[in-house]
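Bear in mind that the values in this text are calculations on the coordinates, not laboratory data. Owing to the predicted nature of the structure, the values given are computational and were not obtained by experimental measurement. Glycine also receives a Cβ, built like all others from the backbone with ideal geometry; neighbour counts cover every protein chain displayed.
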Amino acid sequence: MKRVLPIVLLAGGCHFVLDPDSVPPPAPSGLTYAVVSAVYTLGQTIASNVPSSGGGPVVSYAINPSLPEGLGFNTTTGVISGTPAVLSPATDYTVTATNAGGSTTATLTIAVLSTSTSATAIDFISPAWTSMAGACLGPVRIQAEDAAGNPSLLSSDATVALTASAPQVTFFSDAPCAQAISSVVLAAGAPEAAFYFRSRATGAVTLRASAGSLGSPTQTEQIVPNVRAGSCTIGAGSLFAACSIGWPGVLDASRAFLVVQAISDDNNASGVNVRCSLADAGTIDCNRYAGTGTVEVAWQLVALAAGIRVQRVNNSQCTGSNPILLPQVVNPSQTFVLFTAEGAGAIVESNDYRMVRLVGNDRLEVMNDIGCANGLLDVQVVELEGAVVERGVADAGLVTSVTVTTASAADPARSFLLHSARFTGAAVLCGYQIRGTLAGPNTITFTRGDGNDAVCQSPDLPAIAWERVTLPPGGTSQQLSVSMVGGQTFATASITPVDPARSFTFSSSQFNAGAGFGETSFNGDDRPGAAGARHRLAAGNRLELNRAVDAGTARWTSYVVELP
């Protein structure tokens, strides 16, 4: 047969010949099957399951994983047929229909059960979970089995009661975990029943499914706390410590952040400035520029199953007035910033104190006395859904206290404060260490010197960058004033009991060595360890602080935050 090709004329009399076979057909779409959830009986020939689709014609079909032995799949027609030869629990299969224009997929569920309807037991058939506390987990699948443990069918409905080893477990019928239930029905002739659950209890949590004479099988889930804490040491002469998080590590780094407090009795800036970052799923790396003195590091890993996004700027040189661009834009009204930094220097002075703040919705500004000289930072930008964040910059000048009035009021029972600062000029240590406090629903106070006003009112304090964070409903924040006198390195404070598995603690003031600093009267050698303290929750009802240097008095505004 003679083939005719159409001619397309263009302006100016030019033309070209278009081959219709060079234009791909529309991709197939809307693939489905006559039966999308099939229960077949062992040894009995099935009715052919035929696909249908829209869009362009399908050239080939593929299925993954392979069907149970005895069932066939036609890669040209997509038809499933045959006689199942082995038992198989309910399994999802993905069918892909393809042509030159693209592809479409459909998911089928197929089970092969025994010919016997005399089920004698039920059992869990989905794998156990390892996940964060508070996550909606599932589906958890239960099937009926015969005496040999083969999948079977019930001749009548069975009500399966759901219980757990801890009262903080709730069961649900739906994937969003919105419809609470206490039982599910495994229907006659159905291959399985499914449910979802959420656990606030942590560690090994055992689920039990009870159905009278069909038994009460169990399955143990591993539920990871929202907050895990630990410590490690950078020894004298060492520049680095790898702090182990422990099993199972960080499940999702984009939903986890670190709270760090590193303390040392050293007076060398290269030794006391410590940068800690999440190196991988199982390790926190802490680094410093020189190995003078010993550094004790306390860390808390805070993680949520949902409702949080954490971005990191790791190993970014301080950029002065040139902001650090974030990988993704954020909502500033629900975002706060945490940082640590290392840097060189023989003495602790104004260039070791830096203001780190969010500018707009896509960048960070880092500034010390001359721009940002010698810093190597790890910055965490935490966007918390449902939180309300107000921020600002205060100029304190040459005074020991300043008060800021916020634009809006906040609930003190759900709010905490974070701040960092830049200084200009030389001074003794107490002039550099400031403490911020939420003094009221719309009032913040900043102080330094802890009463040593005559000596500690300098250097000039041109910028305190502050963030007041109000937690989403259900979260709580306890603000405490904790103090130590000269010669004291340990202090405790009673708190309203909290769940340690979802609570963390820190102080308002961020220095290079983390969020554990306050104000001090110490005006001697430049040892920030006089104003820095490791924070620890003890038994859920007590806060403990340890500092490395017992010189002078010190005072912290500390927070204990319990997540919703």
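At a glance:
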quantity	calculated
For the chain, projected area of the alpha-carbon convex hull averaged over all directions, nm²	37.9
Extension gain from Thr91 to Ser244, taking 0.36 nm per residue of separation minus the Cα-Cα distance	51.3 nm
Length added when fully stretched, Asp453-Thr107, from 0.36 nm per residue minus Cα-Cα	117.3 nm
Inter-part distance where the stretch 45-90 and the stretch 403-433 are each reduced to a Cα centre, Å	66
Ala175-Val399 pseudo-label distance in nm [points 7 Å out on the Cα-to-Cβ vector]	5.7
Other-chain or far-sequence residues with amide H under 5 Å of Gly282's (modelled H)	Val250
Table column - 3J(HN,Hα) (Hz), the stretch 60-69, Karplus curve with 6.51, -1.76, 1.60, x for Gly and Pro	8, 10, 9, 9, 8, x, 5, 6, x, 3
Karplus-derived 3J(HN,Hα), 6.51/-1.76/1.60, for each residue of the stretch 164-173, Hz, glycine and proline x	9, 6, 10, x, 8, 9, 10, 9, 9, 9
Vicinal HN-Hα couplings computed from phi for the stretch 552-560 (Karplus, 6.51 cos²θ - 1.76 cosθ + 1.60; Hz; Gly/Pro x)	x, 7, 8, 8, 10, 9, 10, 10, 10
At R0 = 22 Å, FRET efficiency that the Cβ-Cβ distance of Thr32 and Thr75 yields, to 0.05	0.75
Chain lengthening between Ser494 and Val59 when straightened (0.36 nm per residue, less Cα-Cα)	149.4 nm
For the stretch 518-548 versus the stretch 112-147, the gap between their alpha-carbon centres in whole angstrom	51
Mean Cα-pair separation over length for the chain, i.e. relative contact order, pairs under 8 Å, 6 or more apart, %	10
Paramagnetic reach from Thr424 in the stretch 438-472 [backbone N under 18 Å; point 7 Å along Cα→Cβ]	457-465
Cβ-derived FRET efficiency at R0 41 Å, Ala204 paired with Ser48, nearest 0.05	0.30
Relative contact order computed over the stretch 121-224 (Cα-Cα under 8 Å; 6+ residues apart), in percent	35
